[in-house]
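These notes are about the structure you will find just below.
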Amino acid sequence: SEPSAWSRVSPEAILAMFQISRLEDANVKILPENLGKPRLEAITQEIESLYIDKVIKDLGLVITLYEIVSIEGGTVYPGEGSAHFKVEFRVVVFRPFVGEIIEGTLKKADKTGLYVDIGFF
């Protein structure tokens, strides 16, 4: 049996590809229909919907929420009903280094670009 792609990757390379980064969002908005949930659950769901599977310039592709570091606020503005929080959190990002070779399978090529399956996303 042929070894998996991961078995050929050194632990150091995996650590270089995936990094934990600290972010802050000064305006995490929790809609009124979600205010009945526990605060941490509602904020976690909102952070995940805003950041997971998104590419952040000069940072990388956000893979998952690692931890929520702090939550401040909970301000409700007149006439709106949503609660706004300042949240500091850490995420796992996929950030290959310049010159890194990543093995993948070409799935599609068109005028917008190349679509490559790298197996672990």
Quiz item: Residue check: is Val116 open to solvent by 40 Å² or more (accessible area, probe 1.4 Å), hydrophobic (A, V, I, L, M, F, W, C) and part of a strand (DSSP E or B)?
Solution: yes
Quiz item: Yes or no: Asn27 surrounded by 15 or more Cβ atoms within 10 Å (Cβ to Cβ) and among the polar types (S, T, N, Q)?
Solution: no
Practice problem: From (1) of a type outside the set (Asp, Glu); (2) surrounded by 10 or more Cβ atoms within 10 Å (Cβ to Cβ); (3) in contact (Cβ under 8 Å) with a residue 12 or more places away in the chain, pick out the condition that doesn't hold for Phe97. | Solution: (2)
Quiz prompt | Filtered residue count, the stretch 83-113, keeping only those that are within 30 Å of Lys29 (Cα to Cα) and in a strand (DSSP E or B) | solution = 12
Quiz item: Looking at the stretch 75-94, is at least one residue touching a His at 6+ places or on another chain (Cβ under 8 Å), among the hydroxyl-bearing types (Ser, Thr, Tyr) and over 18 Å from Ile20 (Cβ atoms)?
Solution: yes
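Any residue at all in the stretch 103-117 that is touching a residue at least 40 places away in the same chain (Cβ under 8 Å) and under 20 Å from the mean Cα position of the chain (by Cα)?
Of the stretch 103-117, the ones touching a residue at least 40 places away in the same chain (Cβ under 8 Å) are 103.
This time we only want the ones that are under 20 Å from the mean Cα position of the chain (by Cα), so: none.
Scanning the stretch 103-117 turns up no residue that is touching a residue at least 40 places away in the same chain (Cβ under 8 Å) and under 20 Å from the mean Cα position of the chain (by Cα).
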Quiz item: Is the stretch 54-73 home to any residue that is open to solvent by 50 Å² or more (accessible area, probe 1.4 Å) and more than 17 Å from Val93 (Cβ to Cβ)?
Solution: yes
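Residue check: is Phe94 at pLDDT below 95 and of a type outside the set (Gly, Ala, Ser)?
Working: at pLDDT below 95: yes; of a type outside the set (Gly, Ala, Ser): yes.
It is true that Phe94 is at pLDDT below 95 and of a type outside the set (Gly, Ala, Ser).
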Quiz item: Is it the case that the stretch 68-82 has a residue that's part of a strand (DSSP E or B), without any contact (Cβ under 8 Å) to a residue 24 or more places away in the chain and hydroxyl-bearing (Ser, Thr, Tyr)?
Solution: yes
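The values are calculated or read from the model by the stated rules, or taken from the named source; none is laboratory data. Everything numeric in this text was worked out from a predicted model, so none of it was measured. No Cβ is skipped: glycine too gets one built from the backbone with ideal geometry, and neighbour counts run over all protein chains shown. With ligands, DNA and RNA removed, areas are computed over all heavy atoms of the protein, side chains included. Shrake-Rupley method; radii C 1.70, N 1.55, O 1.52, S 1.80 Å.
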